[in-house]
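Quick notes on the structure that follows.
The values are calculated or read from the model by the stated rules, or taken from the named source; none is laboratory data. Keep in mind that what you see is a predicted model, and the values were worked out from it rather than measured. Note that each Cβ is placed from the backbone with ideal geometry, even for glycine, and that neighbours are counted across all protein chains shown. The area values use the complete protein model at the heavy-atom level, side chains included, leaving out ligands, DNA and RNA. Shrake-Rupley method; radii C 1.70, N 1.55, O 1.52, S 1.80 Å.
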Amino acid sequence: MDFRFEIITEYMPFFLEGMMLTILLSVVGVLVGCILGFFIALGKMSPVLLIRFPFTWYINFLRGTPLLVQLFLFHYAVLPALLGDTTAVTSVIVTLSLNSSAYVAEIFRAGLQSIDKGQSEAAHSLGMNKFQVMRYVLLPQAFKRSIPPLGNEFIVLLKDSSLGAMIAAPELLYWGRAAASQYLRVWEPYLMVALIYLVLTLSLTYLLNYLERRFDVK
Amino acid sequence: MITVKHLKKTFGDLEVLKDINVEIKQKEVVVVIGPSGSGKSTFLRCLNLIESVTDGTVTIDGQEITDKKMDINKLRAEVGMVFQQFNLFPHKTVLQNITLPMITVRKWKKQDAEAKAMELLAKVGLQDKASVYPDSLSGGQKQRVAIARALGMEPKIMLFDEPTSALDPEMVGEVLEVMKQLAKEGMTMVVVTHEMGFAREVGDRVIFMDDGYVVEENEPIALFQNPQHERTKAFLSKVL
Amino acid sequence: MNKWMIGIIATLVIFMLAGCGSSDEGDNGASEGKEPIKVVTEAGFMPFSYLDKGELVGFDIELIDAVLKEAGIEYTIENVGWESMLAAVQNKDADLAIAGITVDDDRKQTYDFSSSYFESTHKVVFREGEAITSGEDIKELKVGVQAGTTGSKAAEKIMGENHPNISKYDSNTLAFMSLQSGDVDAVVTDNIVADEYVNNNPDANVEMITDPETFDSEFYGIMFPKGSELVEQVNTALQTLMENGTYEELYKKWFDADPNMDALQ
């Protein structure tokens, strides 16, 4: 079997451009997902059933339906209805943010609930109010425990951003497909794209390991 | 100082406190003893509403804290509590453990809080541990920090929930020493403990609880040497 | 940078070796001679090759059946999907592929193709009211296409290869949906596909134009591994079908029109 490096060379500028968009989609998706996810976690832990209910179903829907379907739904129905029109990049960012917020919410919830009850009891016994207990005692500990599962979620999100290719968001896989269809060759573009994803996820892994150590210094 | 009337507490179907009536005076050191499951810890936790009260009233310093309109956080700042499991904040240094509530609740300036915290650490003999994290402390040291943390709020009353039960035997002494010192200074204290020696030496009064009731209360010597009830006798014969 | 290149090459070589292992088997199987040949397709391209209630049907499917019968070759056919189809033919795991594949020079570097069996022209589909009268008018617009189709190539010929205003969708359906939602201003696609869409969506408020001067015709061919001995046989059989009227019959059945036989010669 021959291997045509010149296809990779030809498409390299596009792959790099696509990689930049992939990074942008993932970073924005992760950040928005984390902020939303935090509030959704709080909502889902509410003792009031009526408040808890919509959050529970928000999470159920976003975790229980295929991401691709969500992407189509947001790109072709929800966002056009809300904003008038949308671009593929906007739709991917919105879909990834909402989807990851559901997973992040569950990670935060698990993190918060894993903190020993004695911690909040001690804080309350010192006169701290609910907000202070959350802010100074529970969150810092829960966040530290959430870093490993959050790291997993980020890596999944990075790869999930490739679904953007379906609606022609020109990210990394989009250019892989473009190269593949020009030459009708699968291996050269897809292996190259896979390699770039691997480089991205490995970098992310190292970054997360570093963060984990930073937060563990005591 | 503390007046408890007809206090009841249920968990679901389980009645843990049935009808508690207790009066605690200022500067008094009251030791609560009793078999496990007697409700003594729950009773203590009702005194600062860490445990919600099902029925009855608790009045502290003339204020009925079981009143729904009561600012519960303000009350808790006045009542210090020390737990069996220490419950130090693992992500904060020893010093930060003590200053955190002073700064957030009492709104003290950081420098003032730190100066006060160092004073308290000196008092419990741990000033050299100010900058370490709780993980590197022994059980006895942790509990002394926890006491210092509670004292930082300058409470009127200190509650101790089995403060030495989780400690290795050789560390019990150092914690009891701090508590004795506190009692000597005139702190009002309610102590749930199995340390009968401490009860005898420091306690002004001992309350024996069983099955959700206060069965008997008296001065330590009288209660230990001359218990009136069969259940008190049975319990004391096992622990003394 | 050097370290990177070494890493990349090492990784790719590993994958290539893995690929070669499987391709040897395919060679042996094909050289036995008597066994039926293996035809692969992608059933995602109406009306050439698609699934009707799970059944593989279409112009391509009936054409390849007629061609191989004419040539006296036994065959099996399987819908394997686009990427697998390419990989199978490239690795010689399959003997030929038919799925409305456009022949061009880039692709001839890797595969052999039969003579043309279908002429594809293009249409521009756009929302009513857009001022488009010729193919050139799309130059300044946002254009949607299906990745890897002749429509995609046609748009790139006008606007430039991989132009940022060209969005390559996973399917024509998604390209048309994006036209509706305003994501793109126009869709360039095969005339057959465009007609099908407009007929099936009378409420879509779209118009379409053809422009033979701007859009060159593209031709579909049957795809073989490089150096395949079957090309000759298939070409001969295809020629026979075109001469004896069988091809025309199939064309009429599927496209309801007469083929331009001159273009296919």
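Quick look at the values:
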{"quantity": "Partner chain coverage, peptide B:85-94 - average Cβ within 10 angstrom", "calculated": "5"}
{"quantity": "At least 20 Å² of accessible area lost relative to the chain alone, listed for segment C:175-195 with a 1.4 Å probe", "calculated": "C:177, C:181, C:183"}
{"quantity": "Degrees separating the helix A:187-216 axis from the principal Cα axis of chain A, which is the longest one", "calculated": "20"}
{"quantity": "Computed accessible area, residue A:211, all protein chains, 1.4 angstrom probe, square angstrom", "calculated": "70"}
{"quantity": "Heavy-atom accessible surface of segment A:1-134: percent carbon and sulfur, 1.4 Å", "calculated": "75"}
{"quantity": "Fraction of accessible area attributable to carbon and sulfur, chain B (%, probe 1.4 Å)", "calculated": "46"}
{"quantity": "Whichever lysines have a C-alpha closer than 19 Å to that of residue B:116, once near sequence neighbours (fewer than 8 apart) are set aside", "calculated": "B:92, B:107, B:129, B:142, B:156"}
{"quantity": "Net charge dipole size for segment C:131-265 [Lys, Arg +1 and Asp, Glu -1 on Cβ; Debye, nearest 20]", "calculated": "420"}
{"quantity": "Highest-MSF residue in chain C out of C:161, C:55, C:35 [GNM, Cα springs under 10 Å]", "calculated": "C:55"}
{"quantity": "Over the protein assembly as shown: helical MRE at 222 nm, DSSP H runs n ≥ 4 each giving -39500 (n - 2.57), nearest 500", "calculated": "-16500 deg cm²/dmol"}
{"quantity": "C-alpha long axis of helix B:94-104 to longest principal axis of chain B, angle in °", "calculated": "80"}
{"quantity": "Cα-based reach from residue B:18 at 19 Å (exclusive), listing aspartates and glutamates while leaving out same-chain residues under 8 positions away", "calculated": "B:51, B:55, B:210, B:211, B:216, B:217"}
{"quantity": "Set of lysines with alpha-carbon distance to residue C:157 below 29 Å, sequence-local pairs under 8 removed", "calculated": "C:108, C:123, C:139, C:142, C:168, C:226"}
{"quantity": "Lysine pairs in segment A:5-214 with Cα atoms under 21 Å, if 8 or more residues apart or on separate chains", "calculated": "6"}
{"quantity": "Other-chain or far-sequence residues with amide H under 5 Å of residue B:165's (modelled H)", "calculated": "none"}
{"quantity": "Point-charge dipole on Cβ atoms (K/R +1, D/E -1) for chain B, about Cα centre, debye to 20", "calculated": "700"}
{"quantity": "Extreme residue, positive dipole direction of the protein assembly as shown, given options C:82, A:105, B:122 (C-beta unit charges)", "calculated": "B:122"}
{"quantity": "Using θ = phi - 60° and Karplus 6.51 cos²θ - 1.76 cosθ + 1.60, couplings along segment C:173-184 (whole Hz; Gly, Pro as x)", "calculated": "4, 5, 4, 5, 4, 6, 5, 5, 7, x, 5, 10"}
{"quantity": "DSSP beta bridges in chain B [antiparallel fraction, %, rounded to 5]", "calculated": "55"}
{"quantity": "Options B:35, A:181, C:166, ranked by Cα towards positive dipole end of the protein assembly as shown, top entry (Cβ charges)", "calculated": "B:35"}
{"quantity": "Folded to 0 to 90 degrees: helix B:169-184 orientation relative to chain B principal axis, Cα", "calculated": "90"}
{"quantity": "Average other protein chain Cβ within 10 Å of Cβ, residues B:66-77", "calculated": "2"}
{"quantity": "Pairwise centroid distance, computed over Cα atoms, of segment B:137-168 with segment C:90-111, Å", "calculated": "79"}
{"quantity": "Surface per residue (accessible, 1.4 Å probe) for segment C:195-265, Å²", "calculated": "58"}
{"quantity": "Relative contact order of segment A:5-214, pairs being alpha-carbon contacts under 8 Å that are 6 or more residues apart, as %", "calculated": "30"}
{"quantity": "Over segment B:102-240, relative contact order from alpha-carbon pairs under 8 Å, at least 6 apart, %", "calculated": "16"}
{"quantity": "Dipole of chain B [Lys/Arg +1, Asp/Glu -1 at C-beta], most positive-end residue of B:22, B:133, B:146", "calculated": "B:133"}
{"quantity": "Residue-count net charge about residue B:43 - beta-carbon cut-off 15 Å; Lys, Arg +1, Asp, Glu -1", "calculated": "-4"}
{"quantity": "Assigned charges on the beta-carbon of Lys, Arg, Asp, Glu; segment B:182-240 dipole about Cα centre (debye)", "calculated": "140"}
{"quantity": "Considering only the protein assembly as shown, percent of DSSP beta bridges that pair antiparallel, nearest 5", "calculated": "60"}
{"quantity": "Inter-centroid distance (Cα atoms) of segment B:76-110 relative to segment B:173-232, Å", "calculated": "27"}
{"quantity": "Ranked packing of C:203-213, A:2-12, most packed first, by mean Cβ within 10 Å", "calculated": "A:2-12, C:203-213"}
{"quantity": "Segment C:126-178, relative contact order [Cα under 8 Å, separation at least 6], %", "calculated": "36"}
{"quantity": "Pairwise centroid distance, computed over Cα atoms, of segment C:143-189 with segment B:31-61, Å", "calculated": "73"}
